[in-house]
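The values are calculated or read from the model by the stated rules, or taken from the named source; none is laboratory data. The structure presented is a predicted model; accordingly, all values stated were derived computationally and were not measured. With ideal geometry, Cβ positions are generated from the backbone for all residues, glycine too; neighbour counts draw on all protein chains shown.
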Amino acid sequence: MGEPRGFLKVKRQAAKYRPVCKRIKDFADVSILPSQEHSKEQSCRCMDCGTPFCHWGCPIGNYIPEWNDLVFRGHWEKAFHLLDGTNNLPEITGRVCPATCEYACVLGINDEPVTIRENELAIIEYAFRVGLIKPHPFRKRTGKKIAVVGSGPAGLSCADQLNKAGHLVVVFERDDKAGGILRYGIPDFKLEKWVLDRRLDILKKEGIEFVIGVNVGLDFQVSKLMKEFDAVCIAGGCRAPRDLEIEGRELKGIHFAMDYLVQANKRIAGEAIPDVKLIDAKNKRVVVIGGGDTGADCVGVAHRQGASCVVQIELLPKPAECRSHDYPWPKYPLLCKTTTSHEEGGIREWSVSTKKFSGENGQVKKLLCSRVAQETADREFEIEADLAILALGFVHPERNGLLKELNIELDAKGNVKTDQNYMTKVKGVFSAGDMHRGQSLIVWAISEGRKAAYYIDKYLMGETYLPKM
Ligand SMILES: Cc1cc2nc3c(=O)[nH]c(=O)nc-3n(C[C@H](O)[C@H](O)[C@H](O)COP(=O)(O)OP(=O)(O)OC[C@H]3O[C@@H](n4cnc5c(N)ncnc54)[C@H](O)[C@@H]3O)c2cc1C
Ligand code: SF4
């Protein structure tokens with residue numbers, strides 16, 4: 001702890017965002033990378049607590065007080081090596097993690113928490129800038145071959161760990177590019193795709209093979225998978241969307257959030273979408289149904305596409321602005337989040353239930369809504385809409401193809417069931433990420449990918465030198 005009174009002298013100053021009037025005109029990252037000096041100053045606020053609750057809040061066990069101290073002292077390279085030991089994708093979590101660690105930071109009890117996520121980003125971007133991150137192809141191989149199905153953060157972390165342990169790793173991905181939701185869910189204004197490509201390039205040069213555009217279970221037989229590989233990790237995500245089965249659902253102009261976001265991301269990457277399939281918000285009145293983060297991403301995309309107005313509605317009541325008794329420190333609280341997309345405009349409404357869609361000539365034109373728990377005559381109201389986006393979350397992993405062919409057992413929530421060693425009932429088949437845990441966060445996907453790799457290595461070799469976290 002280089003500066004014992006740092007937290008008294010320096011106030012939290014989070015990174016700045018580009019002005020709304022400018023950023024709304026493009027899909028580039030909304031945030032501005034803080035200077036090295038700024039991160040150094042902010043890191044001195046860390047109190048190096050005897051019991052660092054930030055650790056408790058971080059699923060991958062990042063050495064937070066240690067690297068905060070190293071950043072403050074200017075030992076950036078050492079900080080990078082510590083960070084690299086626990087996190088396979090710090091340039092991603094440093095940008096889009098909701099920072100559960102910051103909600104658990106001890107300083108947050110009576111002051112604002114340390115800018116942990118931004119300090120992480122400063123370390124990893126320093127490491128890339130000065131060339132500390134170079135591919136290290138593995139020379140001595142174990143002779144074992146492992147298939148990882150899915151190239152989201154869980155699959156990538158699992159593959160990276162197993163490759164480091166000396167195994168030959170093949171990642172199968174059904175999309176035309178690797179990355180999972182990092183590529184095709186999260187919009188570029190939160191995560192520009194060169195950040196992902198930079199990491200994928202390293203993983204490829206280190207010897208991981210990517211087989212793209214292959215849907216395992218449909219295009220690649222499961223029997224072949226089991227025959228050709230010594231172990232398999234299925235990390236296919238949790239993608240079955242929750243639907244809204246009400247009158248008028250069949251009308252044109254009503255789409256699932258992921259269909260909208262995947263297309264929007266593809267268009268930003270320069271891919272042409274045929275007119276008949278195009279979902280575009282230009283000059284349209286847009287309603288996003290679902291008040292969560294996926295809905296917020298849709299709001300940001302709709303504004304950038306030139307929507308004439310955007311309304312986001314949520315069934316649940318408005319959450320509290322600050323911690324309530326139900327969510328005492330250091331728990332991750334359910335708060336009313338104002339994202340950068342909300343700062344850019346639109347209307348938000350809570351406690352609203354959608355009763356029916358109505359339209360003209362087969363195209364949606366209106367939503368009939370009602371205010372939940374309001375007994376007055378005016379509880380019903382209408383919202384005009386040319387485009388309705390369903391951002392109601394995901395119920396469970398998709399079941400056809402891979403899971404069906406493997407005859408995988410599911411848990412009570414419909415996610416893939418494993419034992420405590422991440423192995424499914426099918427011998428040699430492991431699972432990680434949203435497919436195993438249900439829809440969650442990137443940092444949890446990384447944690448699961450690393451743990452599955454640990455148990456796979458142990459299963460194949462009898463012992464493992466990989467970290468358990
Ligand atoms: C719109 C959106 C925004 C989000 N934003 C954030 C955020 O800002 N911060 C955050 O922490 N979390 C965010 N999340 C959650 C986070 O992205 C997920 O928890 C995380 O990506 C899960 O990782 P995963 O590797 O388990 O699955 P995924 O990222 O879903 O990847 C699974 C991959 O497996 C592939 N696949 C599936 N089946 C097969 C098969 N049979 N053969 C070959 N490939 C297959 C899929 O195509 C996909 O590429 C967001 C989620 C969404 C939907
Ligand atoms: S809880 Fe906060 S102040 Fe304490 S060690 Fe962690 S980051 Fe530093």
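Could you count how many residues in the range 29-53 are farther than 18 Å from ASN68 by Cβ and out of contact with any helix residue (DSSP H, G or I) (no Cβ under 9 Å at 6 or more places or on another chain)? Residues that pass the stated criteria total 1. Looking across the range 93-112, just one residue is away from ligand 1 (no atom under 16 Å from the Cβ) and surrounded by 23 or more Cβ atoms within 10 Å (Cβ to Cβ), and that is CYS105. Please find, within the range 30-59, the residue that is farthest from PRO187 (Cα to Cα) out of those that are touching a strand residue (DSSP E or B) at 6+ places or on another chain (Cβ under 9 Å) and part of a loop (DSSP other than H, G, I, E, B). Once the filter is applied, the top-ranked residue is ILE32.
Being in contact with a Gly (Cβ under 8 Å, 6 or more places away or on another chain) and farther than 17 Å from GLY433 by Cβ is the requirement here; does ALA127 meet it?
Values: in contact with a Gly (Cβ under 8 Å, 6 or more places away or on another chain): no; farther than 17 Å from GLY433 by Cβ: yes.
The answer is no for ALA127.
Please state which one of VAL416, VAL395 is within 27 Å of SER353 (Cα to Cα) and more than 16 Å from ligand 2 (Cβ to nearest atom).
Numbers: VAL416 fails: within 27 Å of SER353 (Cα to Cα).
It is VAL395.
Cβ-Cβ distances below 6 Å connect the following pairs, each with a first residue in the range 207-223 that is more than 29 Å from LYS134 (Cβ to Cβ), a second residue that is more than 16 Å from ligand 2 (Cβ to nearest atom) and aromatic (Phe, Trp, Tyr), and a separation of six or more residues or different chains: VAL214/PHE172; VAL214/PHE220; VAL216/PHE172.
Of everything in the range 70-87 that is surrounded by fewer than 23 Cβ atoms within 10 Å (Cβ to Cβ) and assigned to a loop (DSSP other than H, G, I, E, B), the residue that is nearest to ligand 1 (Cβ to nearest atom) is THR86. Considering the range 328-403, the qualifying strands (runs of 3 or more DSSP E), each wholly inside and each with 3 or more residues that are farther than 18 Å from GLU245 by Cβ, run over 347-349, 363-371, 380-384. Before we move on, is GLU120 away from ligand 2 (no atom under 16 Å from the Cβ), over 30 Å from ASP219 (Cβ atoms) and part of a helix (DSSP H, G or I)? So GLU120 fails the test. Of all residues in the range 183-214 being touching a helix residue (DSSP H, G or I) at 6+ places or on another chain (Cβ under 8 Å) and closer than 18 Å to GLY237 by Cα, which is nearest to ligand 2 (Cβ to nearest atom)? Checking each candidate, the answer is ILE186. Apart from one condition, PRO330 fits all of (1) touching a helix residue (DSSP H, G or I) at 6+ places or on another chain (Cβ under 7 Å); (2) surrounded by fewer than 16 Cβ atoms within 10 Å (Cβ to Cβ); the exception is (2). What are the residues in the range 443-460 that are within 17 Å of GLY85 (Cα to Cα) and either within 12 Å of the chain's Cα centre (by Cα) or of a type outside the set (D, E, K, R) (or both), if any? Across the range 443-460, the qualifying residues are VAL443, TRP444, ALA445, ILE446, SER447, GLY449, ALA452, ALA453, TYR454.
Among the residues of the range 60-69, those that are surrounded by fewer than 23 Cβ atoms within 10 Å (Cβ to Cβ) and assigned to a helix (DSSP H, G or I) comprise PRO65, GLU66, ASP69.
Report, by residue number, each residue of the range 8-32 that is in contact with a Leu (Cβ under 8 Å, 6 or more places away or on another chain) and either modelled with pLDDT under 95 or small (Gly, Ala, Ser) (or both). Give the derivation first.
From the range 8-32, those in contact with a Leu (Cβ under 8 Å, 6 or more places away or on another chain) are 15, 29; that's our starting set.
Answer for the range 8-32, where residues must be in contact with a Leu (Cβ under 8 Å, 6 or more places away or on another chain) and either modelled with pLDDT under 95 or small (Gly, Ala, Ser) (or both): just ALA15.
For the range 267-294, filtered to residues that are in contact with a helix residue (DSSP H, G or I) (Cβ under 7 Å, 6 or more places away or on another chain) and not in a loop (DSSP other than H, G, I, E, B), the residue that is farthest from GLY345 (Cα to Cα) is THR294. The set of residues in the range 99-147 being farther than 22 Å from PHE72 by Cα and charged (D, E, K, R) consists of LYS134, ARG139, LYS140, ARG141, LYS144, LYS145. Condition test on THR93, is it more than 14 Å from ligand 2 (Cβ to nearest atom), in contact (Cβ under 8 Å) with a residue 40 or more places away in the chain and hydroxyl-bearing (Ser, Thr, Tyr)? Yes: the conditions hold for THR93. Identify, please: which residue in the range 212-236 is under 18 Å from MET435 (Cβ atoms) and assigned to a strand (DSSP E or B) and is, among those, nearest to ligand 1 (Cβ to nearest atom)? Only one residue tops the list, namely VAL216.
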